[in-house]
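Here, each number is a calculation from the coordinates, and none is a lab measurement. None of the values given here were measured: they were computed from a predicted structure. A quick note on method: Cβ atoms are made from the backbone with ideal geometry, for glycine too, and the neighbour counts reach across all protein chains shown.
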């Protein structure tokens, strides 16, 4: 394959992943909107932004963009490798999309919220929020500025990631309470127990879609699209336990690995590949031995028959 063709496929992959990331952020924003109108709370960062934006009589989209831009200055100075196209899509799009979806919801549904509608909105909101998070992070095109804070602090302060993340989420929860932001059950679930749902979406949908997208970018064709759609439809339900630990792992994945973690993951992948290669070699040897034994017995049977 020529270098120009490789570059073409690379940029096609980036373009498709960017669209994929945009769709993920849109679904995430829709989920956040349903949690908001259901009065069950939001993630700590969005909650504190809503509280402050209301006090300043400013739209959530505009204030969250300003807050993200301020945080991103520090991220660029401390670890610019975490910044990518996905970062821009998230920091610019999420807040404005929540504003837009909130207006659309109000224009369509005019009834007073009840316990039933809160429960329905909350469940759908959490499902869509975790789905959007899974789709957005699976593109690996950069992280949201908020999600870059904990790993940077962990590296700079030599403190475990989980402690930095917990302190960060709790700090923003307290700030949201102080500024009157929407803190509720969803805030706790998103901060500490969303891991199984995100893992479920990763394994059943997002990873498959990204794999199909990468393959399509290498060989664009209608047949590739058909295979991708078929593969995406073959998932079954299964929620993974160990909620809190998995949530921290997912949050760390959102923040991308540090250089040391990346080296360890590469070494682990190399070892897994080596083990798999040895297994294939041994399996072939075993198959050859069994095949030769089968042929020997067949010859013995023929000679006895003669």
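Arranged from highest to lowest average of other beta-carbon atoms within 10 Å per residue, in what order do the peptides 172-179, 22-29 appear?
The densest-packed peptide leads the list: 22-29, 172-179.
By count of other Cβ within 10 Å, fewest leading, how are 214, 166 ordered?
Numbers: 214 13, 166 17.
In order of increasing Cβ crowding within 10 Å: 214, 166.
Within 10 Å of each residue's Cβ, count the other Cβ atoms and sort 164, 35 from fewest upward.
Numbers: 164 21, 35 32.
Sorted ascending by nearby Cβ count, the order is 164, 35.
Which distance in Å, rounded to a whole number, links the C-alpha centroids of the stretch 42-58 and the stretch 81-99?
16
For each of 117, 130, count neighbouring Cβ atoms within 10 Å of the residue's Cβ, then give the residues from fewest to most.
So the ranking, lowest neighbour count to highest, is 117, 130.
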